[in-house]
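Notes follow once the structure below has been shown.
The values are calculated or read from the model by the stated rules, or taken from the named source; none is laboratory data. This structure is a prediction, so every number in the text was calculated from the model and none was measured. In this analysis, Cβ positions are derived from the backbone assuming ideal geometry, glycine residues included, and neighbour counts consider all displayed protein chains. These area figures cover heavy atoms from the full protein model, side chains too; ligands, DNA and RNA do not enter into them. Shrake-Rupley method; radii C 1.70, N 1.55, O 1.52, S 1.80 Å.
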2 protein chains.
Amino acid sequence: MDKDLINTFSAEVNGESINKLRPIENESSEQAEVEAAEKVINAMRYYRQYCLMKLKRRSDAIRSLLEEDKALLVASCTEHMKRVRECVEQNQKLLEMIVHCGANILGGSVQSALEAHQLHPSTEHYMTKSKSILKQLVRDWSANGAHERESCYRLVLNDMATLYPYRSNDNQQNRHDIQVLVTGAGLARLAWELRKMGFSVTGNELFSYFMLLTSNFILNACHEKEEFTIYPYVMDFSNSWCYEDQLKPIKFPDVNPADFNDGDKNSSERENINNMATGFAMCAGDFLQAYSDAEEHFDSVVSVFFLDTAANPIAYIRLIYKILRKGGFWLNFGPLTYHHEDSDDTLSLELPFNSILRLVEQCGFKLEKVLDKESQKESPSRYTWNKDSMLQYNYYCGYFVAQK
Amino acid sequence: MDKDLINTFSAEVNGESINKLRPIENESSEQAEVEAAEKVINAMRYYRQYCLMKLKRRSDAIRSLLEEDKALLVASCTEHMKRVRECVEQNQKLLEMIVHCGANILGGSVQSALEAHQLHPSTEHYMTKSKSILKQLVRDWSANGAHERESCYRLVLNDMATLYPYRSNDNQQNRHDIQVLVTGAGLARLAWELRKMGFSVTGNELFSYFMLLTSNFILNACHEKEEFTIYPYVMDFSNSWCYEDQLKPIKFPDVNPADFNDGDKNSSERENINNMATGFAMCAGDFLQAYSDAEEHFDSVVSVFFLDTAANPIAYIRLIYKILRKGGFWLNFGPLTYHHEDSDDTLSLELPFNSILRLVEQCGFKLEKVLDKESQKESPSRYTWNKDSMLQYNYYCGYFVAQK
């Protein structure tokens, strides 16, 4: 896909660019942004060395065994470690491609960060995110993620289709005029699905350059189905039934991100891509900061697994109310695993689902639809689910549609 | 129940007492044991202050809100915080009772630790364990834990019943002669269920004085059904549907631990309790150390959610083989969430389930029954499950019965 066709990572809100991770107020903020990019790039490039260090501890564990125990294990473990190392090398290649693609397209902070970059050890926190990006790719852009996406995105996609019915005689124009904001857009699949349905979509994501670089790679460097292969579970040694589970290859993307006709190559495809280009943007930055001036800008806000990223959910609710046009809809789906609950340096306000509902009404919304505990009992959602693991997390999500 | 009737926290293996947390080799080891007891006692008594500190941060978060936001929340939050504090006070009373019961009955290190004790701040690690003990009580000794126990213990209890059929004409004597070791016995419910079935049971548990003091309290200080009430979820602010879920009271025990006739008070009850006393013991200590000399001592070893506590599972497999009599059975059920996987100071060997099976055979066992991925797909197990939480962990457990 022509990289110029998708206007990724910039968006105009009230004529002002919001393509920034945080408000750039002065030179030292710019420097801080380069440093933030550098830390992420370093973590993605340090992946191989980090994994090899972890693998060495496992080899040491085998070497430290009694001779009779070692004899039982050494052949199968040595072979397995060799295959693990091969998968790690493949993952590193992919992470390098993601970084380079970012340098070519995003420019700015990423380019400066890459120029300044010398590979150095990264923290456990950053390395967890590097590993996590591989699982996010499964969630949003692989056939293996289809079940998980169904459990997380289906309800909002169906309700968006109902709220804004497609009228065939106006060539999707009615949906193209609907401005949708996807908050916590992650690797952009939900935003992409909404764009595919005809809406004009902006995806906002805070998760710094990890998500930013990776969604950029998906949207601008992936040209065909199942072009790339990763091994997202290769460093998960616990809860495996067999070594093969740990080495499971995942191909992505499950679709060509440029292909909005499901492979039906007709004459209108180019037009569709152009529509896509004009109606699709990813914006990086803290939601509260990036949209603080965007009054009555959106027809719809869609948030999935997002509300619990707030230290203060009321601030999110109020801002979503403000940026919606009168009559606009907010669709919200997710658990309430408050990200700042155990934070030492952020004061966090953790509210239960029914308190959130009350606040939504108090802030001016009218609740149009609510699915709570009883409705969600039989249909758990997942987040970066590995169906072959002995340990699986089930999320029973609250859902509501609220109108301004 | 008369506390003298249950011979808790001591067991004779080859005539040698193994009532110890680690081998007592010299005076400094004894001192280390007193210090270990003191840390746990401190954490259990520090619970209230720890919770109040956490609650203060939440009150600060509310106070820091804009006036208009505060107005929406302050009434309901203030009322909720008041109720949370009341539940915390109740939990603290129970934890105090557990500590005091230990001092009265266990003596030794606990008594010395209590004498030396001055309440002081505890680490997050220890406080997590203090909170966890309350959830363990739900798992093992409340009606609310029945579903979880069914999912974790049923399979082994059924297979034990089949392996050692009850012959009514010999007054359960045949089972009383069967010596069963339950490793990772936790709060002793599984061991208790096996004793109730007629077996002679020893429960072994490493999880130091947290488990030791609490199972002692259950077995020696609980005299009737639902005698005590705790609030195990009171400090879980995330993933709640409503405040009531967080404040849910749990009564325990669901049975009178002394009552082996399910309330059928007939003349043989006293005899049963005496049988219980002579055939039931809890032993604290590292499995590998406590049983290193116990050759061919047990007819059966039952391990549930235990194997993954090993840094080296082969050492467990070999020791279980050694302590079983010829023809004896090992029943093992659980996931493989290796406890030492991310440890910096322990070399850990994480093996998948099928490698474990191979090792079990290589170490001399004959596999009699195996339930693997496909068999467990539809029946997840839980560990300290809160069915009202938006986030639930499902364990898909491997199971096998192996014969020496």
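Between helix A:27-63 and chain A, what is the angle of the helix's C-alpha long axis to the longest principal axis, kept within 0 to 90° and rounded to the nearest 10?
The two axes meet at around 40 degrees.
Translational diffusion coefficient of the range B:22-149 at 37 °C, 0.692 mPa s, Stokes-Einstein with Kirkwood Rh over Cα pairs, in µm²/s as a whole number.
192 µm²/s
Using a 10 Å cut-off on Cβ to Cβ distances, tally the other chain neighbours for every residue of B:390-401 and report the average as a whole number.
Per residue, the number of nearby Cβ atoms from other chains is 5 on average.
If each residue of separation counts as 0.36 nm, what is the full-extension length gain between B:Val370 and B:Val74 once their alpha-carbon separation is subtracted?
101.0 nm
Share of antiparallel DSSP beta bridges in chain B, in percent to the nearest 5?
45 percent
How shielded is A:63-69 by partner chains, expressed as the average number of their Cβ atoms within 10 Å of its Cβ atoms?
The shielding value for this peptide is 4.
Taking 60 Å as R0, compute the FRET efficiency from the Cβ-Cβ separation of A:Asp177 and B:Ser132 and round it to 0.05.
The value I calculate is 0.65.
Please report the antiparallel percentage of the DSSP beta bridges confined to the protein assembly as shown, to the nearest 5.
Counting only bridges with both partners in the protein assembly as shown, antiparallel ones make up about 50 percent.
Over the heavy atoms of B:His297, what accessible area does a 1.4 Å probe trace out, to the nearest 10 Å²?
40 Å²
Would you mind checking the radius of gyration and Dmax of the range A:177-238 based on alpha-carbon positions, in Å?
Reported Rg and Dmax, both Å: 14.1, 49.
Could you order B:Ser208, A:Ser240 so the one with the most accessible surface comes first? Probe is 1.4 Å.
Result, largest first: B:Ser208, A:Ser240.
Please report, in Å, the Rg and the Dmax of the protein assembly as shown, where both are computed over Cα atoms only.
Cα radius of gyration and Dmax of the protein assembly as shown are 29.4, 91 Å respectively.
Relative to the compact-globule scaling 2.2 N^0.38 Å, provide the ratio for the alpha-carbon radius of gyration of chain B.
Relative to the 2.2 N^0.38 Å estimate, chain B comes out at 1.03.
With +1 on each Lys and Arg Cβ and -1 on each Asp and Glu Cβ, and nothing else charged, work out how big the dipole of the protein assembly as shown is about its Cα centre, in Debye to the nearest 20.
820 debye
Suppose we look only past 26 Å in the calculated P(r) of the range B:74-193. What percent of the Cα-Cα pairs does that tail hold?
That tail contains 47 percent of the Cα-Cα pairs.
In nm, one decimal, shortest first: how far is the label point of A:Ala161 (7 Å from Cα along Cα to beta carbon) from the matching points in the other copies?
Here the equivalent label points are 4.9 nm apart from this one.
To the nearest 10 degrees, how steep is helix A:124-141 against the longest Cα principal axis of chain A, on a 0 to 90 scale?
60 degrees
Need the full-extension length gain, B:Glu361 to B:His147, defined as separation in residues times 0.36 nm minus the C-alpha distance. One decimal, nm.
This chain segment gains 73.8 nm when fully extended.
Label points 7 Å out from Cα along the Cβ direction at A:Leu66 and B:Tyr166: separation in nm?
4.0 nm
Could you tell me how many degrees, from 0 to 90 and to the nearest 10, lie between the Cα long axis of helix B:353-362 and the main elongation axis, the longest principal axis, of the Cα atoms of chain B?
Approximately 30 degrees, to the nearest 10.
What is the range A:298-404 by shape, rounded, prolate or oblate, if you read a ≥ b ≥ c off the alpha carbon gyration tensor as root eigenvalues and call it rounded for a/c under 1.5, prolate for a/b larger than b/c, and oblate otherwise?
Because a/c hits 1.5 or more and a/b fails to exceed b/c, the range A:298-404 counts as oblate.
For B:Leu206, B:Leu347, write out the residues from largest to smallest accessible area, computed with a 1.4 angstrom probe and no ligands counted.
So, going from the largest accessible area down, we get B:Leu206, B:Leu347.
Please state the relative contact order of chain B as a whole percent: Cα pairs under 8 Å, 6+ residues apart?
20 percent
Please report the net charge: other residues with Cβ closer than 14 Å to the Cβ of A:Ser122, K and R +1, D and E -1.
Local net charge: +3.
Run lengths n ≥ 4 of DSSP H only: what is the helix-derived mean residue ellipticity at 222 nm for chain A, with -39500 (n - 2.57) per run over all residues, to the nearest 500?
-15000 deg cm²/dmol
Between the range B:123-159 and the range B:272-348, how far is it from one alpha carbon centroid to the other, in angstrom?
18 Å
Label-to-label distances across copies for B:Glu374, with labels 7 Å out along Cα→Cβ, in nm, shortest first?
4.0
I'd like the accessible area for B:Tyr395: 1.4 Å probe, protein heavy atoms, all chains in place, Å² to the nearest 10.
30 Å²
Would you work out which of B:Gly102, B:Phe237, A:Met127 lies farthest towards the positive end of the dipole of the protein assembly as shown? Charges go on Cβ: Lys and Arg +1, Asp and Glu -1.
B:Phe237
I'd like the accessible area for B:Arg149: 1.4 Å probe, protein heavy atoms, all chains in place, Å² to the nearest 10.
20 Å²
Run through the other copies and list how far each one's label point is from that of B:Gln90, in nm with one decimal, shortest first; the point sits 7 Å from Cα along Cα-Cβ.
When each copy's label point is compared with this one, the spacings are 5.5 nm.
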